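S.K.: Have a look at this one.
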Amino acid sequence: MAVTIKSQREIELMRESCKILADVFSEMEKAVHPGVSTLDINNLGEKLIRAHGCIPNFLNYNGYPASICVSVNDEVVHGIPHKDHILHEGDIVSLDAGLIYKGYHSDMTRTLVVGLANSWQQEIYTIVEEAQRKGLKAAEAGMTGRELDAIVRDSITACGY
């Protein structure tokens, strides 16, 4: 696949798409609490995306029936929201969403603990956050995803995981 060099205007549109999605995530995160359904989170996310004049890019992509992927506990990725899938204290929830803004896609995921994290969850979060910081600090033009992955992976495995 060829890499295309983006103009300053294209870069700005991509940046704006990502900023909008970050705002959507900030609002969705506030809705993640015990008693809420994964469908409620999906509906909120889609409403927020559309309120910004954007299109949810996951909806109907390869038949995916929702705008937000909501994966709970042992669901690895791309969990399909459902009205009967209710969040409980201590659940680990991954939100994955994307949007299209003026033809430019953004895609983001965040993992959260519903309610208060136990000590093991807090330890994992601290380790993963540090690994992400190391990866971001090391990232540079020309680096492959595999090289970046190794930096993050090595940071986590050094902690025994």
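S.K.: Sum up the charges of everything whose Cβ sits under 11 Å from the Cβ of GLY45, counting Lys and Arg as +1 and Asp and Glu as -1, but leave GLY45 out.
M.R.: Neighbourhood net charge equals -3.
S.K.: Follow-up question, since we're still on this one. Which number gives the lysine pairs in the chain that have C-alpha atoms under 24 Å apart and are eight or more places apart or on different chains?
M.R.: For the chain, qualifying lysine pairs total 12.
S.K.: Name the trypsin sites (Lys or Arg not before Pro) in region 9-84 that are in a loop by DSSP and that have at most 12 other C-beta atoms within 10 Å, would you?
M.R.: Qualifying residues, ordered by number: LYS83.
S.K.: OK, next. Under 8 Å for C-alpha pairs, at least 6 residues apart: give me the relative contact order for the chain, rounded to a whole percent.
M.R.: Value for the chain: 20 percent.
S.K.: Let me ask another. Can you compute the radius of gyration and Dmax for region 68-146, using only the Cα atoms, both in Å?
M.R.: Final numbers for Rg and Dmax: 15.5, 45 Å.
S.K.: Moving on to the next point. Of TYR161, ASN42, THR126, which is farthest along the charge dipole of region 36-161 in the positive direction, counting Lys and Arg as +1 and Asp and Glu as -1 at C-beta?
M.R.: Farthest along the dipole direction, towards plus: ASN42.
S.K.: Placing +1 at every Lys and Arg Cβ and -1 at every Asp and Glu Cβ, with all other atoms neutral, what dipole size does region 58-158 have around its Cα centre, in debye to the nearest 20?
M.R.: Value, rounded to 20: 360 debye.
S.K.: Per DSSP H run of at least 4 residues, take -39500 (n - 2.57); add these up for the chain, divide by its residues and hand me the 222 nm value, nearest 500 deg cm²/dmol.
M.R.: -14500 deg cm²/dmol
S.K.: Which one, GLY98, TYR64, THR109, is farthest towards the positive end of the dipole of the chain when Lys and Arg carry +1 and Asp and Glu -1 on their Cβ?
M.R.: GLY98
S.K.: Follow-up question, since we're still on this one. Over region 1-128, with the other protein chains present, what is the accessible area per residue in square angstrom, probe 1.4 angstrom?
M.R.: For region 1-128, the per-residue accessible area is 59 Å².
S.K.: Given H placed on each backbone N at 1.01 Å, which residues far from PHE58 in sequence or on other chains put an amide H within less than 5 Å of it?
M.R.: Close amide H contacts, sequence-distant or interchain: GLY98.
S.K.: Related question: Would you mind finding the longest exposed-site-free stretch of the chain, with exposed GluC sites (Glu not before Pro) meaning DSSP loop and at most 15 other Cβ atoms within 10 Å?
M.R.: 1-88
S.K.: Can you give me the convex hull volume of the Cα atoms of region 63-105, divided per residue and expressed in Å³?
M.R.: Cα convex hull per residue, to the nearest whole number: 94 Å³.
S.K.: Given H placed on each backbone N at 1.01 Å, which residues far from ASP91 in sequence or on other chains put an amide H within less than 5 Å of it?
M.R.: VAL114
S.K.: How big is Rg to Rh over the chain, alpha-carbon atoms, Rh as the Kirkwood inverse-mean-distance radius?
M.R.: Using only Cα positions, Rg/Rh for the chain is 0.99.
S.K.: Treating each Cα of region 5-86 as an identical point scatterer and ignoring solvent, apply the Debye formula and state log10 I(q)/I(0) at q = 0.20, 0.22, 0.25 Å⁻¹.
M.R.: -0.93, -1.06, -1.24
S.K.: Give the calculated FRET efficiency between SER7 and SER37 to the nearest 0.05, with a Förster radius of 35 Å applied to their Cβ-Cβ distance.
M.R.: 0.25
The values are calculated or read from the model by the stated rules, or taken from the named source; none is laboratory data. Remember, predicted model here, so these are calculated numbers, not experimental data. Neighbour counts are summed over all protein chains in view; Cβ atoms, including those assigned to glycine, are modelled from backbone coordinates with ideal geometry. Side chains are part of the model used for accessible areas, which takes the heavy atoms of the whole protein and leaves out ligands, DNA and RNA. Shrake-Rupley method; radii C 1.70, N 1.55, O 1.52, S 1.80 Å.
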